[in-house]
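S.K.: To start, I am sharing the structure in question, which I have written as structure tokens.
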Amino acid sequence: MKPVMIVHGGAWAIPDAFAERSKSGVKDAAKCGFAILANGGSSMQAVEAAVRMMEDNNVFDAGHGAVLNADGDVELDAIIMDGKNLSAGAVSCIKNISNPITFARAVLEKTPHCMLTGAGANAFAEKLGINRVPTNELVTEHALREWEQYQKYKQSVTCLFNTEKVHDTVGAVAIDSEGNVSCATSTGGITNKMVGRVGDSPIIGSGAYADNLIGAVSTTGHGESIMKVTLARLVLFYMEQGKTPKDAADHALDYMNTRVHGRGGLIVVSKTGEWAARFTTQRMAWASIDEGVLFYGLNPGEIFQENIENVV
């Protein structure tokens, strides 16, 4: 099986000031994940590494680029899933952890559970020896100014959800040389969100899903809408009915927009290595590597490609 790596940096109205950094960020993350696949590594290793790289890049709303909730605090969510046996690990409303995706994998591998949340999750992280980092290390000056503006004008979360100006999520999907698919999604939340709010990102079937019998998906966009239609699993359902990854993605995003008026995006890879990156927001940073070619884009209908060497 040929290995394939796809990543996204969130579907939203990415401003021009962030555009180039967003494109270079997803390209670097795709190369990082693909290097693992090219060296015989697993799809689980690849998606974790790619998402970690984006969590460490503060242009993205995950890890070190997280945003502040209504109390001026940071709550992080993440999920990782193995398509071989449907194992999943997720964390929600965790604090002061720089790489939630690695913690999510620890939940998968070191507990009998699928998700840990809040104080209990943080206590388990401490037991594992996962380092805590101060909140200010996870928040950029831009995120702080954005939060202060929302506080000043008392804009509601409902108002935020009805715009495309909010930051969003990062994610990765991959298929390795053994034919195993995996997915990973991580987010730093929505500016000024209600304390304790959890979106789609850590929810199995909504923010991500992986099944060797079909493929793997990572989603991004309006979390409440994504949860209502279980977007990730819906894409795979359409693929089970015979649709291509592209058609399945478009059909699922169309359904979400028609049924609950929600916009978003997703990346998907099939069990045979076909892939797609689709979105209904103004922009979504994404990149993929397939047979030595790097594909990437930001705007609707935009696909650039580069031949790459020395990725391994």
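S.K.: What single numbered condition from (1) under 21 Å from the mean Cα position of the chain (by Cα); (2) among the β-branched types (Val, Ile, Thr); (3) modelled with pLDDT under 90 fails to hold for Thr158?
M.R.: Of the numbered conditions (1) under 21 Å from the mean Cα position of the chain (by Cα); (2) among the β-branched types (Val, Ile, Thr); (3) modelled with pLDDT under 90, the odd one out for Thr158 is (1).
S.K.: Report, by residue number, each residue of the stretch 93-119 that is among the hydrophobic types (A, V, I, L, M, F, W, C) and not in a helix (DSSP H, G or I). Even if it seems obvious, please write down each step before you answer.
M.R.: Of the residues in the stretch 93-119, the ones among the hydrophobic types (A, V, I, L, M, F, W, C) are 93-94, 97, 101, 103-104, 106-108, 114-116, 119.
Matches in the stretch 93-119: Cys93, Ile94, Ile97, Cys114, Met115, Leu116.
S.K.: Would you mind finding the one in Thr220, Thr187, Thr244, Thr191 that is at pLDDT below 95 and either in contact with an Asp or Glu (Cβ under 7 Å, 6 or more places away or on another chain) or over 29 Å from Glu75 (Cβ atoms) (or both)?
M.R.: On the way: Thr220 fails: at pLDDT below 95; Thr187 fails: at pLDDT below 95; Thr244 fails: at pLDDT below 95.
From the options Thr220, Thr187, Thr244, Thr191, the qualifying one is Thr191.
S.K.: Go through the stretch 283-312 and count every residue that is modelled with pLDDT under 90 and in a strand (DSSP E or B).
M.R.: 0
S.K.: Oh, and also: Looking only at residues in the stretch 85-98 that are in contact (Cβ under 8 Å) with a residue 60 or more places away in the chain and over 14 Å from Ala125 (Cα atoms), which one is surrounded by the fewest Cβ atoms within 10 Å (Cβ to Cβ)?
M.R.: In the first step, residues of the stretch 85-98 are kept if they are in contact (Cβ under 8 Å) with a residue 60 or more places away in the chain; the result is 86, 88, 90-93.
Next, from what is left, pick out any that are over 14 Å from Ala125 (Cα atoms): 86, 88.
On the way: Leu86: 14, Ala88: 22.
Among those residues, the one meeting the criterion is Leu86.
S.K.: Can you tell me which residue within the stretch 2-37, out of those that are among the hydrophobic types (A, V, I, L, M, F, W, C), over 29 Å from Ala143 (Cα atoms) and out of contact with any helix residue (DSSP H, G or I) (no Cβ under 6 Å at 6 or more places or on another chain), is least open to solvent (accessible area, probe 1.4 Å)?
M.R.: As a first pass, look at the stretch 2-37 and keep what is among the hydrophobic types (A, V, I, L, M, F, W, C): 4-7, 11-14, 17-19, 26, 29-30, 32, 34-37.
Within this subset, residues satisfying the condition of being over 29 Å from Ala143 (Cα atoms) are 4-5, 34-37.
Those left that are additionally out of contact with any helix residue (DSSP H, G or I) (no Cβ under 6 Å at 6 or more places or on another chain): 4, 34-35.
Numbers: Val4: 0, Phe34: 25, Ala35: 18 Å².
The qualifying residue least open to solvent (accessible area, probe 1.4 Å) is Val4.
To keep it simple, each residue is scored yes or no on (1) modelled with pLDDT of 95 or more; (2) touching a helix residue (DSSP H, G or I) at 6+ places or on another chain (Cβ under 6 Å); (3) open to solvent by less than 30 Å² (accessible area, probe 1.4 Å).
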{"site": "Asn39", "(1), (2), (3)": "yes, no, no"}
{"site": "Val47", "(1), (2), (3)": "yes, no, yes"}
{"site": "Met54", "(1), (2), (3)": "yes, yes, yes"}
{"site": "Asn57", "(1), (2), (3)": "yes, yes, no"}
{"site": "Asp71", "(1), (2), (3)": "no, no, no"}
{"site": "Gly83", "(1), (2), (3)": "yes, no, yes"}
{"site": "Pro100", "(1), (2), (3)": "yes, no, yes"}
{"site": "Ala104", "(1), (2), (3)": "yes, no, yes"}
{"site": "Thr111", "(1), (2), (3)": "yes, no, yes"}
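S.K.: With respect to Lys228, determine if the residue is within 27 Å of Cys32 (Cα to Cα) and more than 16 Å from the chain's Cα centre (by Cα).
M.R.: Against the criterion (within 27 Å of Cys32 (Cα to Cα) and more than 16 Å from the chain's Cα centre (by Cα)), Lys228 does not qualify.
S.K.: Tally time: how many residues in the stretch 61-100 are closer than 20 Å to Gly215 by Cβ and β-branched (Val, Ile, Thr)?
M.R.: Initially, the stretch 61-100 is screened for residues closer than 20 Å to Gly215 by Cβ, giving 79-90.
Restricting the remaining residues to those that are β-branched (Val, Ile, Thr) gives 79-80.
Final tally of qualifying residues: 2.
S.K.: Before we move on, is Val198 over 30 Å from Gly72 (Cβ atoms) and modelled with pLDDT of 95 or more? Outline the logic, then answer.
M.R.: On the way: over 30 Å from Gly72 (Cβ atoms): no; modelled with pLDDT of 95 or more: yes.
No: the conditions fail for Val198.
S.K.: Condition check: closer than 21 Å to Gly199 by Cα, modelled with pLDDT of 95 or more, of a type outside the set (Asp, Glu) and open to solvent by less than 70 Å² (accessible area, probe 1.4 Å). Does Ala121 satisfy that? Talk me through it step by step, then tell me what you get.
M.R.: Details: closer than 21 Å to Gly199 by Cα: yes; modelled with pLDDT of 95 or more: yes; of a type outside the set (Asp, Glu): yes; open to solvent by less than 70 Å² (accessible area, probe 1.4 Å): yes.
Considered against the rule, which asks whether it is closer than 21 Å to Gly199 by Cα, modelled with pLDDT of 95 or more, of a type outside the set (Asp, Glu) and open to solvent by less than 70 Å² (accessible area, probe 1.4 Å), Ala121 comes out as yes.
S.K.: Quick test for you: out of Val59, Val74, pick the one residue that is over 19 Å from Val217 (Cβ atoms), within 15 Å of the chain's Cα centre (by Cα) and either free of Cβ contacts under 8 Å to residues at least 60 places away in the same chain or not in a helix (DSSP H, G or I) (or both).
M.R.: On the way: Val74 fails: within 15 Å of the chain's Cα centre (by Cα).
Step by step, each of Val59, Val74 is checked, and only Val59 is over 19 Å from Val217 (Cβ atoms), within 15 Å of the chain's Cα centre (by Cα) and either free of Cβ contacts under 8 Å to residues at least 60 places away in the same chain or not in a helix (DSSP H, G or I) (or both).
S.K.: Only one of Ala287, Ala277 is open to solvent by less than 10 Å² (accessible area, probe 1.4 Å) and either among the charged types (D, E, K, R) or at negative phi (or both). Can you tell me which? Talk me through it step by step, then tell me what you get.
M.R.: Values: Ala277 fails: open to solvent by less than 10 Å² (accessible area, probe 1.4 Å).
Answer to the check: Ala287.
S.K.: Going by the conditions given, is Val235 open to solvent by less than 10 Å² (accessible area, probe 1.4 Å), without any contact (Cβ under 8 Å) to a residue 60 or more places away in the chain, out of contact with any Phe, Trp or Tyr (no Cβ under 7 Å at 6 or more places or on another chain) and closer than 21 Å to Ile80 by Cβ? Reasoning before the result, please.
M.R.: Numbers: open to solvent by less than 10 Å² (accessible area, probe 1.4 Å): yes; without any contact (Cβ under 8 Å) to a residue 60 or more places away in the chain: yes; out of contact with any Phe, Trp or Tyr (no Cβ under 7 Å at 6 or more places or on another chain): yes; closer than 21 Å to Ile80 by Cβ: yes.
Here the answer is yes, as Val235 does meet what is asked.
S.K.: What are the pairs, 6+ residues apart or on separate chains, where a residue within the stretch 265-281 that is without any contact (Cβ under 8 Å) to a residue 60 or more places away in the chain and under 14 Å from Gly171 (Cβ atoms) has its Cβ under 8 Å from a residue that is surrounded by fewer than 20 Cβ atoms within 10 Å (Cβ to Cβ) and not hydrophobic (A, V, I, L, M, F, W, C)?
M.R.: Hits for this filter: Ala276/Thr244; Ala276/Lys246; Arg278/Lys246; Arg278/Asp250.
S.K.: State yes or no: is Val26 more than 30 Å from Gly292 (Cα to Cα) and either over 13 Å from the mean Cα position of the chain (by Cα) or not in a loop (DSSP other than H, G, I, E, B) (or both)? Give the steps one after another, and end with the answer.
M.R.: Values: more than 30 Å from Gly292 (Cα to Cα): no; either over 13 Å from the mean Cα position of the chain (by Cα) or not in a loop (DSSP other than H, G, I, E, B) (or both): yes.
Taking the combined requirement at face value, the residue does not satisfy it.
S.K.: Could you check Leu213 against (1) open to solvent by 60 Å² or more (accessible area, probe 1.4 Å); (2) under 18 Å from the mean Cα position of the chain (by Cα) and say which number it fails?
M.R.: In the conditions (1) open to solvent by 60 Å² or more (accessible area, probe 1.4 Å); (2) under 18 Å from the mean Cα position of the chain (by Cα), Leu213 misses (2) alone.
The values are calculated or read from the model by the stated rules, or taken from the named source; none is laboratory data. Computed from a predicted model, the values in this text were never measured in an experiment. When we count neighbours, we look across all protein chains shown, and the Cβ atoms used for this are built from the backbone with ideal geometry, even at glycine. For the accessible areas, the whole protein counts, side chains as well, though only heavy atoms, and no ligand, DNA or RNA atoms are used. Shrake-Rupley method; radii C 1.70, N 1.55, O 1.52, S 1.80 Å.
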